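What follows draws every value from the coordinates through simple rules; no lab data is involved. Note that this is a predicted model, so its numbers are computed, not measured. No Cβ is skipped: glycine too gets one built from the backbone with ideal geometry, and neighbour counts run over all protein chains shown.
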Amino acid sequence: MADFAPISLLAAVPNVISVHPAVPVNSLAELVALAKSQPGKLSYASSGNGTSTHLAAELFKATAGIDMLHIPYKGSAPAVGDVIAGQVPVLVDSVSSSTAHVKAGKLKALAATSLKRLAVLPELPTVAESGYAGFQSTAWVGLLAPAGTPRPVIERLHTAVLDVMALPETRERLAAFGGEVTTSTPEEFAAHIRSEMARLGKVVRDANIKVN
């Protein structure tokens with residue numbers, strides 16, 4: 001918060017909880033029941049320690065009261081590949097890298113971590129709809145300048161950002177991989193960062209997450 005001057009949020013990219021097609025569950029409730037029947041034995045893949053997918057999974061574990069073993073990968077591609085290959089049963093990954101495999105039947109999607117359903121997977125319920133009201137864990141992207149940037153410069157950049165993000169082609173490009181335009185004022189973005197640091201900081205501390 002001391003090093004940067006927020007300009008605007010740009011986009012939100014939700015995550016998807018999915019499983020290998022052979023896993024005998026067809027809903028989030030069934031996954032939770034399976035995990036509770038074998039505490040600490042069911043494993044899930046993420047794109048790496050401290051990533052949005054890892055944090056989303058740990059937040060869901062805490063919310064649902066389950067214990068699953070985290071298998072961190074160096075990026076989405078190897079994580080997705082090993083779940084498709086049956087090496088790991090559960091995957092928490094961004095909608096952008098999961099959707100094509102879900103539509104191809106290589107992954108069985110159970111829930112989206114956004115508050116509302118995804119335009120690219122409209123039949124997929126959210127975690128909130130699946131019995132965990134209010135749950136959301138969405139990756140976000142924003143634009144920041146160095147701290148101390150003059151206010152007129154911040155305002156000029158903010159105006160330019162809003163113009164670009166309002167273009168139909170911008171929304172279409174983001175929607176193609178499950179992203180959604182999410183703009184804000186500089187003050188709203190600063191408040192969002194503080195809120196996320198507090199919310200996810202608790203997840204990091206409770207799960208003892210270390211970045212490596």
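Quick look at the numbers
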quantity: Mean residue ellipticity (222 nm) of the chain, computed from DSSP H runs ≥ 4 via -39,500 (n - 2.57), nearest 500; calculated: -13000 deg cm²/dmol
quantity: Cα radius of gyration and Dmax for the range 15-112 (Å); calculated: 11.8, 31
quantity: Selection of trypsin sites (Lys or Arg not before Pro), the range 65-138, meeting DSSP coil and at most 13 other Cβ within 10 Å; calculated: 74, 116
quantity: Area projected by the alpha carbon convex hull of the chain, averaged over all directions, nm²; calculated: 12.0 nm²
quantity: Given charges at Cβ of Lys, Arg, Asp, Glu: the chain dipole, positive-most of 90, 18, 121; calculated: 90
quantity: Distant-in-sequence amide H partners of residue 111 (H built 1.01 Å from N, under 5 Å); calculated: 17
quantity: Listed residues 129, 169, 188, most fluctuating in the chain (Gaussian network, C-alpha, under 10 Å); calculated: 169
quantity: Built amide H within the under 5 Å cut-off of residue 145, gap 5+; calculated: 5, 7
quantity: Coil-residue trypsin sites (Lys or Arg not before Pro) of the range 10-66, DSSP, other Cβ within 10 Å capped at 15; calculated: 41
quantity: Lysine pair count for the range 15-112 [Cα-Cα under 23 Å; pairs on different chains or 8 or more apart]; calculated: 10
